[in-house]
Amino acid sequence: MSLRRPPLYEQHDESGADFTDFGGWEMPVSFGSIQDEHAAVRQSVGLFDVSHMGLLSITGADAATLLQRLIPSDVRELESGRAAYSCFLRRDGVILDDVVVYDHPTADEYLVVPNAGHDEEIWARLHEHASRWDVDVTIDNRTEETGILAVQGPESVEQVDRVTTDSVADLDPFEVREATIDGVECLIARTGYTGEDGFEIVFPAAESDRMQAAFDGVQPCGLGARDTLRIEAGLLLSGQDFDPVEEPHDPYEAGIGFVVDEDAGDFVGREALNHSVDERLVGLRLEERGIARHGYEILHDGERVGRVTSGSMSPTLGVPIALGYIDASLADEGTELNVSIRGRTVSATVVGTRFLESCRTN
């Protein structure tokens with residue numbers, strides 16, 4: 001099966017990007033140096049093509065009802081022009097995918113942004129339950145007709161304001177509004193996946209050339225820097241930090257229990273959720289040289305107590321960091337553990353998953 005390509009693929013190729021298969025998409029992993037791209041976002045601003053993320057539209061009289069019964073967050077409390085981070089669950093409480101849900105600022109419409117390669121799966125799930133519950137909705141998959149750019153970093157406001165007809169500086173986190181960039185009607189949300197201030201811009205795929213030109217001069221960034229940035233920020237990667245088959249976890253185990261609204265009513269998976277869990281996602285700071293890769297064993301007193309899901313040398317902090325699941329009894333910050341790296345036992349300490357904060361204060 002051929003890989004899907006984002007609408008800006010040709011521009012990336014002309015810029016000399018290295019590509020990789022990510023969720024069935026041929027995406028740029030870097031445009032030169034991952035370290036330089038990472039530093040640009042932490043220190044100034046970087047531009048990411050995130051068109052591999054899905055975009056689903058839900059309209060109709062029962063749109064809110066359908067979403068309310070499929071995610072653990074209370075969609076009824078979401079105001080027009082606001083967004084919320086949430087997830088879809090199986091009946092056993094396991095996370096299928098984490099998503100961002102937007103209540104469109106001017107239309108009677110919800111937009112759901114699933115992860116790369118999950119748009120058809122989530123579309124099918126929405127359709128299945130809409131039919132089962134006989135609700136009045138229309139569900140469209142707009143992934144192929146849409147582009148998404150992410151402008152991230154401390155100078156992101158300046159860069160986006162430079163190209164929009166109206167300022168977006170007053171947008172609150174997780175607020176979304178319509179705006180025009182070089183005559184192109186867009187949706188701009190103050191959201192991101194880097195731990196920095198920034199915006200994600202949704203636009204018609206046919207206008208990719210104009211959107212790329214609008215941000216000419218901004219450091220292009222690929223998935224390599226996006227990964228190191230999100231790990232430092234303690235943000236989960238679908239299919240790696242959780243996966244319904246390889247790494248099945250509920251929101252409490254995965255450290256995103258905040259998405260569960262106890263007053264949200266009945267939703268798929270609610271009865272299976274329990275605050276008391278056997279293992280939890282933690283942050284690990286390695287105290288010796290070595291990179292803890294996905295799948296590496298986490299040890300306590302020589303016994304296996306968990307496994308790494310994501311790991312990297314932190315470009316910002318200059319120390320190796322990792323995310324992983326361990327026995328809940330060992331999840332307190334400061335607990336001393338080990339990670340098995342290629343036959344070598346490396347010392348590690350449990351820290352908060354927000355490494356930019358926890359590793360600077362410990």
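The values are calculated or read from the model by the stated rules, or taken from the named source; none is laboratory data. Keep in mind the model is a prediction, meaning the values are calculated, not measured. Note that each Cβ is placed from the backbone with ideal geometry, even for glycine, and that neighbours are counted across all protein chains shown. Accessible surface is based on the protein model in full, side chains and every heavy atom, while ligands, DNA and RNA are left aside. Shrake-Rupley method; radii C 1.70, N 1.55, O 1.52, S 1.80 Å.
Working carefully through the options 198, 234, 217, find the one that is among the small types (Gly, Ala, Ser) and over 26 Å from residue 13 (Cα atoms).
234
Could you say which residue among 342, 307 is of a type in the set (Lys, Arg), surrounded by fewer than 17 Cβ atoms within 10 Å (Cβ to Cβ) and more than 18 Å from residue 229 (Cβ to Cβ)?
Exactly one residue qualifies, and that residue is 342.
In segment 1-22, which residue that is open to solvent by less than 40 Å² (accessible area, probe 1.4 Å) and touching a residue at least 60 places away in the same chain (Cβ under 8 Å) is farthest from residue 147 (Cα to Cα)? Walk me through it before giving the result.
Here is the first cut: in segment 1-22, the residues open to solvent by less than 40 Å² (accessible area, probe 1.4 Å) are 6, 8-9, 11-12, 17.
Going one step further and asking which of them are touching a residue at least 60 places away in the same chain (Cβ under 8 Å), we end up with 6, 8, 11-12, 17.
Values: 6: 7, 8: 8, 11: 13, 12: 14, 17: 18 Å.
The selected residue is 17.
Working only within segment 161-194, note down all residues that are open to solvent by less than 50 Å² (accessible area, probe 1.4 Å) and within 21 Å of the chain's Cα centre (by Cα).
Matches in segment 161-194: 171, 175, 176, 186, 187, 188, 189, 190, 191, 192, 193, 194.
Count, please, the residues in segment 150-189 that happen to be in a helix (DSSP H, G or I) and out of contact with any Asp or Glu (no Cβ under 9 Å at 6 or more places or on another chain). Give the steps one after another, and end with the answer.
Taking segment 150-189 as the starting set, the residues that turn out to be in a helix (DSSP H, G or I) are 156-163.
Those left that are additionally out of contact with any Asp or Glu (no Cβ under 9 Å at 6 or more places or on another chain): 158-162.
Number of matching residues: 5.
Given the criteria buried (at least 17 other Cβ atoms within 10 Å of the Cβ), among the β-branched types (Val, Ile, Thr), farther than 14 Å from residue 273 by Cβ and in contact with a Phe, Trp or Tyr (Cβ under 9 Å, 6 or more places away or on another chain), does residue 100 qualify?
The answer is yes for residue 100.
With the structure loaded, tell me whether residue 79 is acidic (Asp, Glu) and open to solvent by less than 10 Å² (accessible area, probe 1.4 Å) or whether it fails that test.
Judged against the criteria, residue 79 is not a match.
Take the conditions at pLDDT 95 or above and either in contact with a helix residue (DSSP H, G or I) (Cβ under 9 Å, 6 or more places away or on another chain) or among the β-branched types (Val, Ile, Thr) (or both) and apply them to residue 172. Does it pass?
The answer is no for residue 172.
Just need a number here: residues in segment 117-129 that are in contact (Cβ under 8 Å) with a residue 12 or more places away in the chain and open to solvent by 10 Å² or more (accessible area, probe 1.4 Å).
Of the residues in segment 117-129, the ones in contact (Cβ under 8 Å) with a residue 12 or more places away in the chain are 117-123, 125-127, 129.
Filter again for open to solvent by 10 Å² or more (accessible area, probe 1.4 Å), leaving 117-118, 120-121, 123, 125, 127.
Number satisfying all stated conditions: 7.
With the requirement that a residue be of a type in the set (Phe, Trp, Tyr) and on the phi > 0 side of the Ramachandran plot, what does segment 95-147 give you? Let's see the steps before the verdict.
Our first condition is that a residue be of a type in the set (Phe, Trp, Tyr); within segment 95-147, this holds for 102, 110, 123, 133.
None; the set is empty.
Could you pull out the residue among 286, 237 that is at pLDDT 95 or above, hydrophobic (A, V, I, L, M, F, W, C) and either within 20 Å of the chain's Cα centre (by Cα) or open to solvent by 60 Å² or more (accessible area, probe 1.4 Å) (or both)? Outline the logic, then answer.
On the way: 286 fails: either within 20 Å of the chain's Cα centre (by Cα) or open to solvent by 60 Å² or more (accessible area, probe 1.4 Å) (or both).
Checking each option against the conditions leaves just 237.
Confirm whether residue 106 is of a type in the set (Ser, Thr, Tyr), open to solvent by 10 Å² or more (accessible area, probe 1.4 Å) and farther than 30 Å from residue 170 by Cβ.
So residue 106 does not fit the description; no.
Would you pick out the residues in segment 235-250 that are in contact with an Asp or Glu (Cβ under 9 Å, 6 or more places away or on another chain) and either of a type outside the set (D, E, K, R) or in a loop (DSSP other than H, G, I, E, B) (or both)? Write out each step before concluding.
Start the filter on segment 235-250 by keeping residues that are in contact with an Asp or Glu (Cβ under 9 Å, 6 or more places away or on another chain), which leaves 235-242, 244, 247-250.
Of everything in segment 235-250, those that are in contact with an Asp or Glu (Cβ under 9 Å, 6 or more places away or on another chain) and either of a type outside the set (D, E, K, R) or in a loop (DSSP other than H, G, I, E, B) (or both) turn out to be 235, 236, 237, 238, 239, 240, 241, 242, 244, 248, 249, 250.
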